[in-house]
Amino acid sequence: MINDFFKKFLTNNHIIDDYGLKYNHNYKNEIDKINNEFSASLLNNKVLIKCNGADAENFLNTQFTNDIKNLNKEQIILSGYCNPKGRLISIFYIFQIDKNYYLYTTLDSKELLLKKLNMYKMMSKVEFTVLDEVLVGITNAKEHSKFNELTKDSKKVNKIGNTIVFRPSENQIIISSSIKDIEKIIDENEINILGYKSWDYLDIKNLVPFLNESNIESFTPQMVSLDLLDGVSFTKGCYPGQEIVARTHYLGEAKKSLFNANIKTKDELSILSKITNKNNKGAGDIINLARTEDSSYSCLSVLRKEFVDDELLINEKDILNVISGVSDNG
């Protein structure tokens with residue numbers, strides 16, 4: 001579950017679940033470190049999928065919500081993959097190195113994503129490979145020349161040998177590499193090793209939604225504001241669910257959107273926890289959740305727009321404090 005190299009970083013109060021290292025400190029300590037200190041998170045709940053072949057670009061462009069043909073070699077963009085009803089199977093970052101494309105997404109959505117892609121590829125010359133490498137997220141690396149060299153003057157995508165480096169945001173560097181090379185990159189004397197939930201917290205903070213097992217095929221792109229996050233092209237050709245996504249866009253019918261929120265509670269919460277308004281009407285769903293203190297959580301929620309200004313409750317008692325929506329952040 002955890003490679004021997006990383007075992008020496010474990011604290012006495014680490015938490016391990018089915019994915020691997022979930023937290024390596026108490027909740028507040030972990031969030032403070034990833035916000036302010038040079039830290040690495042083991043991204044056990046994410047995967048990197050390589051897409052290669054002569055027809056890769058054309059095929060992927062017929063499947064994904066964003067325009068793959070406009071992707072340049074230094075760019076990383078958000079995109080989604082929908083079923084024919086316009087419901088998202090996966091949300092991912094996609095980028096290109098040489099003639100290959102790479103999808104960074106959740107482990108939970110990998111199986112159905114690959115099943116559908118392989119089903120639709122027919123005779124297209126394209127293959128999909130889940131990379132068997134270690135995924136590590138790095139934050140607060142500005143003062144560390146080793147990582148600045150890896151990212152080559154802050155280019156968003158780079159490859160050095162077999163190590164792939166990409167930068168989804170200014171303070172997020174993701175490395176896919178062998179354990180041998182990771183050992184050379186990480187210096188145990190100067191970096192914190194954190195669990196994958198701390199990285200989930202950064203994604204929540206950056207208003208980037210990812211799908212988990214329980215919400216696959218639950219949302220349209222507009223419900224999670226993927227269109228406002230530049231993850232949808234309305235000028236490219238068809239893809240599964242495109243008619244529904246386009247109709248919602250042009251008729252302005254999206255009744256739900258993505259919001260960042262905090263929750264104070266003494267209860268254990270999950271993404272299955274219910275959000276209601278004061279009249280006990282369903283107001284939305286939690287899509288991503290990370291614990292920030294013993295009695296606090298940060299989350300991304302898909303909320304009904306008509307209820308956003310109401311007092312919203314989690315499990316009918318704890319207040320959902322809405323901080324901002326995607327549209328509030330440009």
**Request:** Please enumerate the residues belonging to the range 56-80 that are without any contact (Cβ under 8 Å) to a residue 40 or more places away in the chain and either in contact with a His (Cβ under 8 Å, 6 or more places away or on another chain) or among the β-branched types (Val, Ile, Thr) (or both).
**Result:** Ile68
**Request:** For the range 93-103, enumerate the residues that are surrounded by 18 or more Cβ atoms within 10 Å (Cβ to Cβ) and aliphatic (A, V, I, L, M).
**Result:** Ile94, Leu103
**Complete:** Scanning the range 105-117 for residues that are buried (at least 23 other Cβ atoms within 10 Å of the Cβ) and not hydrophobic (A, V, I, L, M, F, W, C), the one farthest from Asp132 (Cα to Cα) turns out to be Ser109
**Prompt:** Before we move on, is Ile31 part of a strand (DSSP E or B), at negative phi and not acidic (Asp, Glu)?
**Reply:** no
**Asked** Identify, please: which residue in the range 50-66 is assigned to a loop (DSSP other than H, G, I, E, B) and in contact with a Gly (Cβ under 9 Å, 6 or more places away or on another chain) and is, among those, nearest to Met123 (Cα to Cα)?
**Response** Thr62
**Request:** Could you check the range 264-324 for strands (runs of 3 or more DSSP E) lying wholly inside it with 2 or more residues that are within 20 Å of Val208 (Cα to Cα)?
**Result:** 282-293, 296-304
**Request:** Could you check, for the range 226-236, whether at least one of its residues is aromatic (Phe, Trp, Tyr) and either more than 19 Å from Thr65 (Cα to Cα) or assigned to a helix (DSSP H, G or I) (or both)?
**Result:** no
**Condition check for Asn12: at pLDDT below 95 and of a type outside the set (Gly, Ala, Ser)** = yes
**Asked** What is the residue count in the range 262-271 for residues that are loosely packed, with under 12 Cβ neighbours inside 10 Å and either within 19 Å of Lys305 (Cα to Cα) or in contact with a helix residue (DSSP H, G or I) (Cβ under 8 Å, 6 or more places away or on another chain) (or both)?
**Response** 0
**Complete:** Selection over the range 147-186 where residues are at pLDDT below 65, assigned to a helix (DSSP H, G or I) and surrounded by fewer than 15 Cβ atoms within 10 Å (Cβ to Cβ) yields a count of 2
**Request:** Return the residue satisfying two criteria in turn: it lies in the range 68-92 and is in contact with a strand residue (DSSP E or B) (Cβ under 9 Å, 6 or more places away or on another chain) and assigned to a loop (DSSP other than H, G, I, E, B), and of such residues it is surrounded by the most Cβ atoms within 10 Å (Cβ to Cβ).
**Result:** Leu71
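The values are calculated or read from the model by the stated rules, or taken from the named source; none is laboratory data. As the structure is a computational prediction, the values presented were derived from the model and not from experiment. Here Cβ is always computed from backbone atoms with ideal geometry, including for glycine, and neighbour counts include all displayed protein chains.
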